[in-house]
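Worksheet: one structure, shown below.
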Amino acid sequence: MSLPKAELHLHIEGTLEPELAFELAARNGVTLPYADTDALREAYRFEDLQSFLNLYYELMAVLRTERDFADLADAYLTRAAAQGVRHVEMFFDPQAHTARGVALGIVVEGLWRALEKSVETHGISTRLIMCFLRDESAASAMETLRAARPYLDRITGIGLDSAEVGHPPVKFREVYEAAARLGLRRVAHAGEEGPPEYITEALDVLGVERVDHGLRCMEDPALVERLVRERIPLTLCPLSNVRLRTVDTLADHPLPAMLDAGLLCTVNSDDPAYFGGYAGDNFDAVHRTLGLSEERLRELARNSFTASFLEDDEERRAR
Ligand code: ADE
Ligand code: ZN
């Protein structure tokens, strides 16, 4: 689906395709515990979010140098451009790299090599959003925010990801307050596997402008009403929800009901190398399987720009 769109929920580490993983492993002298790309793809059968995260973090071992991060981002941008993506707000997970001894500067400068020229090379404008791992401590998140100070001209906002259940947004209250004082935009994953209360907490305690996933809001009609009234965007990821078994099948996905309820929904790819599709593939899938009309698809594409952090003039250019 080549409809012009913005991608607002994309973990760059989740775009690591098996072929690139093996190429980077060879380049860096890293041995992967899989015989080849087919054997690796065989491991892409997930029970839940945690079983995916285990593989996602394991494969990051191949990412070591600025060039690796630049190649990863460039490969993503090439694929995204072919599927009509005109703007991306890209998540990255600094703690997953610093914990392995890869400095934050390597990650940011490497990604920046690809992003700074992506309007010319791929016709895609970009923003970077630094995510904290919610299953790590608040102190570690605060230290990561401190370490990011030299790079804040390249980082638009902060997010919260990784294992959700048992790690409520309130744990990161002070970090989000500090980020707000630095002028950073704020988003957070909430209501993917976690309960609707986490969505409310992300809004009230963390002050997020956008909720990543937010799927489980549908269990709380009063929350749905609030999200509609306050025009809070949700960055949904249908193929991810199927692969991580948040929904039984794509046909059961609540996206049509969410749109009917008046929610400001967007469709995104999350970790496309692992979940079977990039942004356009997600649009195609909801068109085909959920029977969303062309007009609904255009609404989703419009919503993606409305919900973005683009300035008005940039937004008009990207649409
Ligand atoms: N990190 C990468 N993908 C994620 C997801 N879908 N949920 C939480 N953390 C993630
Ligand atoms: Zn995500």
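The values are calculated or read from the model by the stated rules, or taken from the named source; none is laboratory data. Since we're looking at a predicted model, the values are computed, not measured. Here the Cβ positions follow ideal geometry from the backbone for every residue, glycine too, while neighbour counts run over all protein chains shown.
Some observations on this one:
- Long-range neighbours under 8 Å by Cβ, at least six apart or interchain, first residue in a helix (DSSP H, G or I) and modelled with pLDDT under 95 within the stretch 267-286, second within 14 Å of ligand 1 (Cβ to nearest atom) and of a type outside the set (Phe, Trp, Tyr): none
- Residue within the stretch 61-84 that is within 15 Å of ligand 1 (Cβ to nearest atom), buried (at least 17 other Cβ atoms within 10 Å of the Cβ), free of Cβ contacts under 8 Å to residues at least 60 places away in the same chain and not acidic (Asp, Glu) present: yes
- Taken over the stretch 81-97, residues that are part of a helix (DSSP H, G or I) and away from ligand 2 (no atom under 16 Å from the Cβ) amount to 3.
- Subset tally (residues that are assigned to a loop (DSSP other than H, G, I, E, B) and either under 18 Å from residue 278 (Cα atoms) or within 16 Å of ligand 1 (Cβ to nearest atom) (or both)) for the stretch 212-243: 2
- Screening residue 39 on (1) hydrophobic (A, V, I, L, M, F, W, C); (2) more than 16 Å from ligand 2 (Cβ to nearest atom); (3) under 23 Å from the mean Cα position of the chain (by Cα) shows it passes everything except condition (3).
- Here the stretch 1-57 is the region considered, the condition is being assigned to a helix (DSSP H, G or I), over 17 Å from residue 70 (Cα atoms) and among the acidic types (Asp, Glu), and the residue that is farthest from ligand 1 (Cβ to nearest atom) is 38.
- Residue 246, sole failed condition from (1) farther than 22 Å from residue 18 by Cα; (2) away from ligand 2 (no atom under 16 Å from the Cβ): (2)
- Applying the criterion of being more than 16 Å from ligand 2 (Cβ to nearest atom) and crowded, with 21+ Cβ neighbours inside 10 Å to the residues of the stretch 127-144, the residue that is nearest to residue 113 (Cα to Cα) is 144.
- Selection count where residues are more than 13 Å from ligand 2 (Cβ to nearest atom) and out of contact with any Asp or Glu (no Cβ under 6 Å at 6 or more places or on another chain), scope the stretch 268-281: 5
- In the stretch 281-319, the qualifying residues are those that are crowded, with 20+ Cβ neighbours inside 10 Å and among the polar types (S, T, N, Q), and the one that is farthest from residue 259 (Cα to Cα) is 308.
- Unique match (being of a type in the set (A, V, I, L, M, F, W, C) and farther than 21 Å from residue 298 by Cα) among 255, 244, 259: 244
- The sole residue among 134, 127 that is under 25 Å from residue 4 (Cα atoms) and among the charged types (D, E, K, R) is 127.
- Among the candidates 17, 58, 7, 13, the residue that is surrounded by fewer than 20 Cβ atoms within 10 Å (Cβ to Cβ) and within 30 Å of residue 287 (Cα to Cα) is uniquely 17.
- Here the condition is being among the polar types (S, T, N, Q) and more than 16 Å from the chain's Cα centre (by Cα); of 266, 235, 306, it holds for 306 alone.
- Picking from residues in the stretch 197-212 that are surrounded by 24 or more Cβ atoms within 10 Å (Cβ to Cβ) and within 14 Å of residue 264 (Cβ to Cβ), the one that is farthest from the chain's Cα centre (by Cα) is 199.
- Scanning the stretch 1-36 for residues that are within 16 Å of ligand 2 (Cβ to nearest atom) and of a type outside the set (Val, Ile, Thr) returns 6, 7, 8, 9, 10, 11, 13, 14, 16.
- Any chance residue 93 is charged (D, E, K, R) and touching a Leu at 6+ places or on another chain (Cβ under 6 Å): no
- Exactly one residue out of 180, 202 is of a type in the set (A, V, I, L, M), within 14 Å of ligand 2 (Cβ to nearest atom) and at pLDDT 95 or above, and it is 202.
- Residue satisfying all of: in the stretch 229-280; buried (at least 19 other Cβ atoms within 10 Å of the Cβ) and β-branched (Val, Ile, Thr); farthest from residue 88 (Cα to Cα) among these: 246
- Top-ranked residue in the stretch 157-204 [being more than 16 Å from ligand 1 (Cβ to nearest atom) and part of a loop (DSSP other than H, G, I, E, B); ranked as farthest from residue 220 (Cα to Cα)]: 182
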